[in-house]
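A short reminder: the numbers here are calculations on the coordinates, not readings from a lab. Owing to the predicted nature of the structure, the values given are computational and were not obtained by experimental measurement. Cβ atoms come from the backbone with ideal geometry, glycine included; neighbour counts cover every protein chain shown.
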Amino acid sequence: MELFRETKIDFLGKKWYFLTLTMVLFVVGMIALAIHHGPKMGIDFTGGAVVDVKFDQAAPISKIRQALDSSGMTQGVIQPVGGSGSDEVLISLPLSALNQRQLEQSRRNLLAALYKTGPAASGKLDLNNVSPSQLTNWLVQNDPNHWAAASNGQARYQALAATILSQYRDHHWGGLIPSFAALTQVPGVTPALVAAMRPAFFVGRFSIQSASIIGAEVGAQLRRQAVLAVLYALAGMLVYIAFRFEWIYGVAAVVAVFHDVLITLGMFALVQLPISLTVIAAFLTLVGYSMNDTIVVFDRVRENLKILRREKLSDLVNLSINQTLSRTVLTSGLTFLSVLSLLALGGPVLRGFSFCMTFGILVGTYSSIAVAAPMMVAYIEWRNRRQQRPARAVAGRASGEKLARSRG
Amino acid sequence: MQRNLRWKTLFIIVVVVACILGITGFPKGLSWRAIEQSTIARIHLGLDLQGGTHMILQVNVKDAVNAQTDAAMAQLQTALNKAGIPATVSKPGGKQHPQTILVQGVPEARGGDLSSIVQNDLGSDYQLNTLPGGNYQVVMQPLAVQAVESRALTQEIETIGNRINQLGVTEPTVQQHGLGADQILVQLPGISDPAHVKQVMQESGQLSIHLVKGGPFSSQAQALSQYDGVLPANTELVKGSNVEGQGSGEQWYLLDSTGVVNGTELRDAQPNLGSGGQMEVDFTLTQAAGQRFRAFTGANIGKQLAVLLNGRVAEAATIDAAIGSQGRITGNFTTRSAHDLALILRSGALPASFSYLEEETVGPSLGADSIHDGVVAAITGFLVVAFAMLIYYRGAGINAVLALVLNLIILMAYMAWVSATLTLPGIAGIILTIGMAVDANVLIFERIREELRHGKSVPAAVDIGFRQAFITILDTHVTTIVSAVILFLFGTAAIKGFAITLSVGLLANLFTAVFVSRVIFDYVLQRMPRGAKLSV
């Protein structure tokens, strides 16, 4: 099967269309960024708290709202995971709503607010938020199975707590014990034990899936370090490409990558997805793909410069893009398909990541053809005109010969 | 050619077997379950995937400098008194700028004596400056400050690591973090309720034994009035904490400010059930400290001793006879708090206090969900890619899929072999690797097709295709590896995870897409009748 065969599309001739499209994308992105005052930063970078809570039914969003408001956490944002009607919500609090010195206290306050959403039995422990060590302690102290006399009593209770909580609650039931009655499904749990536990425990309607609290200082430091690392990496790539080709190739490739990153950032601002540490990883991946695409085209240009010495540079670049077109479409298409599956199936944790990749692969492919190549050609043609080469036919040769020689 | 090919094939088989063993380890049996278990034990999942707690601590390393200059200040005062120089020393900077000691009231004629005292008693870590107005300043040198701070951080990491290890957390990480030399990263896999760990971690654990000079007093004011508002030289007033059997009121003791023994001279500490059915903590001193303690207590029979824990008197008792290397702390301990205290004393004191900059807890079920979703997405993506390659390139597609599978096997084997941790950003690196692996194959196959179209013979087309595509593949891979190395050097922890899987994956790719794929092609060419068409 073959999709393309000896195509002869004049890509460089369409550079003004490309420039227009690029400007449109760029302006839309920048306007979105300007309106929202930069990309929306996740609490990884701004500092603050995010708690992921899973309920045993559709999350009671209005009740959570009320509970937060009445606890003085009016700045809290409640966001259902995977659309409305979901049983899982992310509750995020900006740093200003937190007592930075007492992160632990902030967390307890949030938990207390959550218990206002449903029936909470005062003085009882919530089996859905109790830790294995708390349950072990209770079992050892109350000794419902009369194991205390045995030398390994404590170890047996510890193992029982682990079976109930780790094996069943967290894995078998996906984080929530459905009811007291269901506990008898756990091997080793007798109806008598359940009866003994009833006065001391209750089965809450929700469980904390994850909780992060990040101070402002760490956030700023992470952001600085991530941006610096990416800039250094781009500089490193520029130097390597300049060494293998010519410096303008490196500059053009890096400009194309910048173009992709800025436009994708604009898209993040447009759809208001927060930038988290995982999204930064996706941006790094996007930089890699975009760079890869550009180098493939440049490499073909370098090869053709050696063979087709009489060709005009723009024709030669056009030919190179056409020769690599089927590879470009196939590779981008395949990677696009696989990140599309990530977007559809990868779950909420990976949503920002897969969005960045899906969009990024499209711009990344586009930019190597529509930004990097025309920029490189425009610069070399301008340079040659300035050097006032007499014969038009050899325009663009200067660099080509140098490159061909150096490659030996 | 044919022999060469056989050696190459053998080499590839050896690599594959070694890598598969790398992933599974040497399972105890050949059953599916044994292999699965041994694999799970070898692939380390990050906290975001397996659940656990991640914390970043900000260490107040200035505390250690402060302690150092406090000691220097006391030493200086003693030396000045001995030399008969009527001077007072103080630290005007407080805890914020603890490196400066102010010396006031030195007569002009004794300036030279002060200089030699500083030189002889404090050493080269300190520098003496003359201030306008006849005062002097003793400043700890910046290099010495740095050394004290970095030593404090190392010791802090060691102490916290000890405590966490003794609590029985499996495979904790405690290491320096960030660019400044004052942050610690703590990772506790599988701990989703870190309250107890945090409590044990944060206890400063400073223990020392002092001679009691007066008290107990019922309040600070009462103690001060006893001494006409001025405490005797080299003593301090310390509050008692829950000293048993003495009622609920406050208690204050006047103690010698330098201790007889301190926490670094402990050899062991163990919780024990005392004779009265109360939990207590017994400690053993090192031999040298034990001898000193015996001599000291022998000379001070009838006087009182106080055990100072974290700046509070935990225990005060009269010396009945010379005491050797054994000591005991009693109090209102529960089993757990006695265990915790013994653990804290064993692990030594924290040289500096710290605060929490960041705390992240991932519950085990969310981690399991992430793995499940990630694996489903990865397998779907892989199947889509493999299917498309098979349709598009037919025979050669098999080649590409084999190379891709081998690449993933090598990558996982590396992760298992060096015990690297797989995190979500690491999976992003693997996705980029897969993309570039597919790309390498596509580049080669497209080139071979192109050469075939230009009328080249099949072996020539394969040869040129590999040779030309290799240049491109090398360029794209080296560029990306260069950036991955830089990301690893400068990036945050998450970015490092990405950089590792990416660079290893790309190196594996150079092997699988270029070398292995070529061997398979050669194999096919060899068995192909002359003039037949290549399935690409």
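Structure data summary
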read-out: Long-range Cα-Cα pairs in the range B:207-331 (distance over 17 Å), rounded percent; value: 58 percent
read-out: Dmax and Rg, reported as Rg then Dmax, of the range B:74-188 (C-alpha, Å); value: 19.9, 64
read-out: Taking chain A and dividing mean pair separation by its residue count, relative contact order in percent (alpha carbons under 8 Å, at least six apart); value: 23 percent
read-out: Neighbourhood net charge (11 Å Cβ-Cβ; Lys/Arg +1, Asp/Glu -1) for A:Tyr289; value: -3
read-out: Residue-count net charge about B:Ser115 - beta-carbon cut-off 15 Å; Lys, Arg +1, Asp, Glu -1; value: -2
read-out: Peptide A:328-337 - average C-beta neighbours from other chains (10 Å radius); value: 6
read-out: 14 Å beta-carbon shell around A:Met267, net charge (K/R +1, D/E -1); value: +1
read-out: Packing-based order for B:411-419, A:251-259, using average beta carbon neighbours within 10 Å, highest first; value: A:251-259, B:411-419
read-out: Rh by Kirkwood over Cα pairs, then Stokes-Einstein D for the range A:125-204 at 1.002 mPa s and 20 °C, µm²/s; value: 171 µm²/s
read-out: Diffusion coefficient, µm² s⁻¹, Stokes-Einstein with Kirkwood Rh over alpha-carbon pairs of the protein assembly as shown at 10 °C and 1.306 mPa s; value: 48 µm²/s
read-out: Relative contact order (%) - the range B:398-466, alpha-carbon pairs under 8 angstrom, separation at least six; value: 26 percent
read-out: Above-threshold pairs, the threshold being 19 Å between Cα atoms, out of B:Lys62/B:Lys95; A:Lys14/A:Lys312; A:Lys8/B:Lys533; A:Lys40/A:Lys63; A:Lys124/B:Lys198; value: A:Lys8/B:Lys533; A:Lys40/A:Lys63; A:Lys124/B:Lys198
read-out: Mean separation of Cα contacts under 8 Å, 6 or more apart, over the residue count of the range B:15-174: relative contact order %; value: 16 percent
read-out: Residues whose placed amide H lies under 5 Å from that of B:Val260, excluding near-sequence neighbours; value: B:Ile209, B:His210, B:Leu211
read-out: Alpha carbon Rg of the range B:291-371, scaled by the compact-globule rule 2.2 N^0.38 Å; value: 1.77
read-out: Residues B:Arg42, A:Arg5, sorted so that the one with the fewest Cβ neighbours within 10 Å comes first; value: A:Arg5, B:Arg42
read-out: Kirkwood estimate for the range B:382-487, i.e. one over the average of 1/r between Cα atoms, Å; value: 15.2 Å
read-out: Charge dipole magnitude, Cβ of K and R +1, D and E -1 - the protein assembly as shown, Cα centre, debye nearest 20; value: 3980 debye
read-out: Residues whose placed amide H lies under 5 Å from that of A:Asn145, excluding near-sequence neighbours; value: none
read-out: Long-range amide H partners of B:Thr235 with built H, under 5 Å; value: B:Ser257
read-out: Equivalent-ellipsoid semi-axes of the range A:243-350, from the Cα gyration tensor, Å, largest first; value: 33, 16, 11
read-out: Two-decimal Rg/Rh across chain B, once Rg and the Kirkwood Rh are taken from alpha-carbon atoms; value: 1.18
read-out: Average projected area [Cα convex hull, the range B:456-536], square nanometres; value: 5.9 nm²
read-out: Descending Cα extents along the principal axes, chain A, whole Å; value: 100, 44, 35
read-out: Those residues of the range A:159-199 whose amide nitrogen sits under 12 Å from the label point placed on B:His372, 7 Å along Cα→Cβ; value: A:170-176
